[in-house]
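Structure, as structure tokens:
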Amino acid sequence: MSLIITGSHVLHPGAADPAAQTLYIADGRFVEDAPQGAQTFDGKGLIAAPGIVDLGVFATDKPAFHFGGITRAALMPDRTPPLDDPGAVRSATRSGKPDFWVHPLGAATKGLAGSELAELALMKDAGARGVATGRGWIADSGVMLRVMGYAAALDLPLFVHSEDGGLTGHAVATGGETATRLGLPQAPAMAEALSIARDLMLAEESGAHVHFRQVTTARGFDLIRDAKARGLRISCGITPAHLFLSDIAVTGFRTFARLSPPLRAEEDRLACIAAVADGTVDVISSGHDPRGPEDKRLPFADAAPGMAGAETLLAMALGLVRDGHVSMGRLFELLSGNPARILGVEAGRIAPGCEADLILIAPDAPWQVDSSRMAAQAGNTPFDGLPVQGRVRHLIKGGVVIK
């Protein structure tokens, strides 16, 4: 399909503000000139932005992704069975096409057990765009160094979970007043910084590109800033939950706020906002991990961590713009441009030659988060009942209008 999109204001990641521009699409890609016989699509009153590239989801939940403007997602290897062999990776790459693209991340170790390396090269050949430790931490530093060495040799980014398992154990909350008052098993927030410090040393030794999937503490961000200043090949991400909620949200044993890593103290939440504003954070992702009643309607300590984040990602992230922390252009670097660059895919930008993944947004459109009406497989969102602004009115994937 060939398209001419008129009337919208186009947002280029990195630009200060969207600007009026006519867009041309042919053969699934953006082109410089109007293609012959193209259909005209009216985007009047809307902002045209690159489709969101969600970096690190735990389920391919297509209706939720379409609602939230997500056109591609990097799929974590935490499946049953895990994505630790070429066949599973190859199957995952096909699972969303044609209207949604899945970029699988291969398991760093067999069975995600943290001991024996998986077939990283074969998984790359099968379509893996990165390697990941999954929800857990690889405790053996020797194994982790070998994983990083192979990832560096294969030019694959390594996605790591940053919590020292020796400190966290069976903890379900961040150490502090809230966890103590509720009597919850807790671990100190420094478990994150300790994990990051070790992996930064290993990254420096190996030369690997390490992506710290979720950094959520002030001490963790201090380490990331220092490592970036020294030129290490690292990047880091965060989810809206850790930007807008503190550990107070678990009061009342609200299992929808049971996350991994757990929600932090207010001072750490403010440090997360500052890290987005000063450019330390590279990616904002949804952490999409829908959990049904069988996983969430349990005592807090027994409930599974995770949240359905795809549908609320854009609306919550737009709050950073309204609060003056980032510009719209910077926001879509975090949501689209940087994730695409980390994965090495020709997306995340509106430029001739790039794949035509596009969303048209009404940034001020009001709506209310309602867990009972979400399109996700399960509506376990800690933002249930929250009034928000920002809706995706239209989504174009590879030049094809999906909605």
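When we measure straight from the Cα of LYS62, which lysines land under 27 angstrom away, once same-chain ones fewer than 8 places off are left out?
Those lysines meeting the cut-off are LYS44, LYS97, LYS124, LYS296, LYS397, LYS403.
Calculated from DSSP H runs of 4 or more alone, at -39500 (n - 2.57) each and per residue, what is the 222 nm mean residue ellipticity of the chain, nearest 500?
Values: 14 runs with 117 residues, N = 403.
Taking each H run of at least 4 residues, the total per residue is -8000 deg cm²/dmol.
What's the ranking of 246-252, 176-182 by average number of surrounding C-beta atoms within 10 Å, highest first?
Going from most to least packed, we get 246-252, 176-182.
Using R₀ = 35 Å, calculate the FRET efficiency as 1/(1 + (r/R₀)^6) where r is the Cβ-Cβ separation of ASP226 and THR180; round to 0.05.
0.65
Given Cα pairs under 8 Å that are at least 6 residues apart, what percent is the relative contact order of the chain?
For the chain, the relative contact order is 20 percent.
Quick one: if you stick a label point 7 Å off each Cα along the C-beta vector at ALA301 and SER2, how many nm between them?
Result: 6.6 nm between the two label points.
Working out 0.36 nm times the residue gap between ARG254 and ALA277, then minus their Cα-Cα distance, what length gain in nm do you get to one decimal?
Result for the pair: 5.3 nm of gain on full extension.
What percentages, rounded to whole numbers, describe P(r) for the range 93-250 computed over all alpha carbon pairs with 5 Å bin width beginning at zero?
2, 9, 17, 20, 18, 14, 11, 7, 2, 1, 0
Select from the chain the helices, each a whole stretch of DSSP H, whose alpha-carbon atoms run 18 Å or more along the helix axis and whose Kyte-Doolittle mean is at least -1.0; answer none if there are none.
Result, helices passing both filters: 141-154, 190-206.
Can you tell me which of 362-370, 63-71, 254-262 comes out highest on packing, and rank the rest after it, using the mean Cβ neighbours within 10 Å? It would help to have the intermediate numbers written out before the result.
Values: 362-370: 13.8, 63-71: 25.2, 254-262: 22.7.
Top to bottom by mean Cβ count within 10 Å: 63-71, 254-262, 362-370.
Extension gain GLN377-GLU267, at 0.36 nm per residue separation less the Cα-Cα distance, in nm?
Details: separation 110, 0.36 × 110 = 39.60 nm, distance 3.32 nm.
The span from GLN377 to GLU267 would gain 36.3 nm if fully extended.
For Cα pairs less than 8 Å apart in space and 6+ apart in sequence, what is the mean separation divided by the residue count of the range 300-371, i.e. the relative contact order in percent?
Value for the range 300-371: 17 percent.
How many percent of the alpha carbon pairs in the range 261-301 exceed a separation of 15 Å?
62 percent
How large is the convex hull of the Cα atoms of the range 282-335 per residue, expressed in Å³ as a whole number?
Value for the range 282-335: 98 Å³ per residue.
Laboratory data are not the source of any read-out in this text; all were calculated from the coordinates shown. Just so we're clear, the structure is a prediction, and the values are computed from it rather than from any experiment. Quick reminder, even Gly has a Cβ in these numbers, built from the backbone with ideal geometry, and neighbours come from all protein chains shown.
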